[in-house]
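Rule-based calculations on the coordinates, nothing more; no lab input. Predicted model only: the values in this text are computed from it and were never measured. Glycine gets a Cβ as well: all are built from the backbone with ideal geometry, and neighbour counts include every protein chain shown.
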Amino acid sequence: MTLIAAEKTGAEWPESWRLLSHGIRTGRYTDPAFLKLEFEQLWTKVWQAAARLDEIPARGDYTTYTIGDQSVIIVRVDDDTIKAFHNVCPHRGTALSDGGCGHFEKDRIICPFHGWRWDLQGNNQFVLERHEFKSGKLEDKDVALREVEHVVFAGFVFINFDKNPIPFDDFISPVKQLLEDLAIGEMRNYWWKGIAVPANWKVAQEAFFEGYHVPATHPQLEVKAAAVVYGDDPNAEVEFTHHNITTDAFPYGHGRFYAGKNTAMQGKTNYPDGVDPVDAMADRLNLLAEGMDAQVLKADVEIARSLKGKPIPEGSSLGAEFVKALYTDAAKKQRPMPKPEPEVLGMWGGEFFIFPNLLILPNAGNAMIYRVMPDARDPDKCTFEILSTKTYPADEAVPRAIREDVTDYMNPEQVLEIPRQDLGNIPRMQKGLHSLGCKQIWLAENYEKMIMNMHREMDKYLGAPTES
Ligand code: FES
Ligand SMILES: [Fe+2]
């Protein structure tokens, strides 16, 4: 094995961890030492989405964020104040939360072992036999809960374990305005599932980094394109969806893909001959609504169908009329929506990646969110989360976001068709990456560039030698 000296860490940098000009060495996905380095150098220093605000809607509500061996309690103190604390009792180290979410009764955080107590701000309120500690000179600051840096943005609580991290505003700057335009901060919990997946966290999330997999993995979404892939009709005239997609690689490892002006919402039509365009549009939306129950919801499909038989005004298009109908319906229900500007519509159905592990797929008053977290010890395991979010009518109660854990992700009752198709590939990829016949993977320069951009940013944290 060739070893190269790593710059920041002083550790040896195996050949199997190298980024190549056209691909990635497979050790990054399979080597326990690489996972260990990720925890030491990436997860302890990077901004990461620890919670959605609707996990902690009321004063005293808390949720627990766990990444590797580290755990953070995120508490709502009042309408405008959130606190994030290391999940540990300063006395003898008991975890104050056992995981998941809950409520601190009477605004008291109490350690179950000896009953030390804090208020929601993390100030100590009670130490049994206080005079016994530090020769009777125990100060409040000695036993306050230790805070973790945090920032609220777009409905998320982002945390950073680094005491002196890069400013969040710098970190988020490439995508900040775009996400604000999409009103991601207005999205509230619809459902949230956690799935234990037998694959490296990067393998799992990179399965969602491009549209290039759609013809083979989701053939129902691109019938003609699938015919080309499977050789049934190699001469079929087909425009792959991913041909209409622009992929951007941003600084700080972020990225996105989007269709811009090439969407039905902006008037582009490619309905099959002899099919009613309203049926064609509604049927396609329905595949997404039934296949994901996220991004496109059943109510949106009904709104599309309601356009049947209605004339399209001069200068308008079916897509534009659909957008109008969506906004009329939302206004009636007092549902917040992003401004229907062409730039916003062009981002619907696309995807944002916020480095290192958050994907946001925005749509019309909905967004699907994926978050992928490594296992603490095993590079072949991760937790894949799907959060379906939407804006709610003003008078409708928003359910508290509580994660439901999936026990069998290939069971159609538990995971719907489209993510199930993706999840079917992921363990197979992980298996293949261990093959002696696979030392590197190849990446498409354009369609898969978000993957390379993410790994390049990772290497800055990990202290990879720059010549690699
Ligand atoms: S360990 Fe928490 S009070 Fe003793
Ligand atoms: Fe997919």
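Quick look at the numbers
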read-out	value
Partnerless cysteines, meaning none of the other Cys C-beta atoms lie under 4.7 Å away, in the chain	Cys101, Cys382, Cys438
Sequence-distant lysines (8 or more away, or on other chains) whose Cα lies within less than 16 Å of Lys45	Lys8, Lys36, Lys163, Lys460
Cβ crowding within 10 Å averaged over residues, with 417-427, 248-258 ranked highest first	248-258, 417-427
Computed [θ] at 222 nm, deg cm²/dmol, the chain (DSSP H ≥ 4; -39,500 (n - 2.57); rounded to nearest 500)	-7500 deg cm²/dmol
Residue-by-residue Karplus 3J(HN,Hα) for segment 130-146, coefficients 6.51, -1.76, 1.60, Hz, glycine and proline x	4, 4, 6, 9, 6, 6, x, 10, 4, 9, 4, 5, 5, 10, 6, 5, 8
FRET efficiency estimate (nearest 0.05) - Cβ-Cβ, Asp232 to Glu445, R0 22 angstrom	0.20
Relative contact order for the chain, counting Cα pairs under 8 Å that sit 6 or more residues apart, in percent	23 percent
Span from the segment 439-468 Cα centroid across to the segment 94-145 one, whole angstrom	44 Å
Label-to-label distance, nm, for residues given as Asp408 and Lys268 (7 Å Cα→Cβ offset)	4.0 nm
Listed peptides 439-452, 189-202, 106-119 by packing density, highest first (mean Cβ within 10 Å)	189-202, 439-452, 106-119
Mean Cα-pair separation over length for segment 51-165, i.e. relative contact order, pairs under 8 Å, 6 or more apart, %	23 percent
Label-reachable residues, segment 184-214, where backbone N falls under 19 Å from a point 7 Å from Ala397's Cα toward its Cβ	188-192
Amide H contacts under 5 Å for Met187, placed H, 5+ residues apart	none
